[in-house]
Amino acid sequence: MLVTSRSYAEYEAMFDLKELPDSVLDCCAGGAGFTAEAAARGVDAIAVDPAYELDHPELVDSVRRSLPATSGIIGEHEGSFVWHWYGSPERKDQLRIEAADRFLQDVAAAPERYVAAGLPDLPFGDRRFELVLCSHLLFTWADKYDRDWHETALRELIRVSNAEVRIFPLVLQGAGEPIPWLPELLDSLEGVTYEIRKVPFEFQVGADEMLVIKRA
Ligand SMILES: C[S@@+](CC[C@H](N)C(=O)[O-])C[C@H]1O[C@@H](n2cnc3c(N)ncnc32)[C@H](O)[C@@H]1O
């Protein structure tokens, strides 16, 4: 799986963020610039990803390699992507390069914000974060992780959240197919309400909805 670097602007649009609460977890953060930008805005922001176990040169290499690799995948599935949000491939690459730079700068300056761990076991207490974000792991990799893994992972994201969990996108990577067991999985959760909400972002065709889970 690629250690990609989405920008703060992409996170704002994917998760339809207006204001950030006091504390936010980005799981799986990869090389995203979100945590650095949120922290610069005074938010208690933490990023978690198993890739942070890599030593610094290996992490730099993984993050830098993800951009050409992503562009290659997009090129192979041209009809599966739309460009109205980015405007052009050059603009997308510019956002990703800037985000990768921001991430690499911040991970060196404030390593305590970047926690090496992964779902379904997060090293945080119950209700630690007001908002928990998950971009491009759950559901999008449902061909790699099965339904039971998703249920355990989802319950873990809910456990560490005090108010809301937001997940984007809700379709399989590549083909962009819906996840057949998603409605049944959501109905099986206790003590939460959920909503599937349209967001002002679309890149993979049909991937323009996020899941919002609210804790009671
Ligand atoms: C496609 S990237 C998304 C990164 C970032 N959220 C973004 O939008 O650019 C997926 C990330 O998930 C991480 N990952 C893989 N398995 C994971 C797990 N079990 N728990 C948390 N993160 C995981 C990978 O290391 C990778 O950085």
Apart from one, (1) at pLDDT below 95; (2) among the aliphatic types (A, V, I, L, M); (3) in contact with a Cys (Cβ under 9 Å, 6 or more places away or on another chain) all hold for Ala117; the odd one out is (1)
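Residues are listed down the side, and each one gets a yes or a no for (1) basic (Lys, Arg); (2) within 16 Å of the ligand (Cβ to nearest atom); (3) touching a helix residue (DSSP H, G or I) at 6+ places or on another chain (Cβ under 6 Å):
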position	(1), (2), (3)
Leu131	no, yes, no
Phe139	no, yes, no
Ile158	no, yes, no
Val165	no, yes, yes
Val171	no, yes, no
Leu186	no, no, no
Ser188 vs. criteria among the hydroxyl-bearing types (Ser, Thr, Tyr) and within 15 Å of the chain's Cα centre (by Cα)
no
Arg127 passes all but one of the listed conditions (1) outside any helix (DSSP H, G or I); (2) open to solvent by 20 Å² or more (accessible area, probe 1.4 Å); (3) within 25 Å of Leu54 (Cβ to Cβ); the exception is number (3)
Residue set Val132, Val192; condition among the β-branched types (Val, Ile, Thr) and surrounded by 21 or more Cβ atoms within 10 Å (Cβ to Cβ); output residue Val132
| task | Using the structure shown, decide if Asp143 is loosely packed, with under 15 Cβ neighbours inside 10 Å and within 16 Å of Arg215 (Cα to Cα). | result | no
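The values are calculated or read from the model by the stated rules, or taken from the named source; none is laboratory data. A quick note: this is a predicted structure, and the numbers were derived from the prediction, not measured. Note: ideal-geometry Cβ built from the backbone for every residue, glycine included; neighbour counts use all protein chains shown. Ligands, DNA and RNA are excluded from the accessible area calculation, which covers all protein heavy atoms including side chains. Shrake-Rupley method; radii C 1.70, N 1.55, O 1.52, S 1.80 Å.
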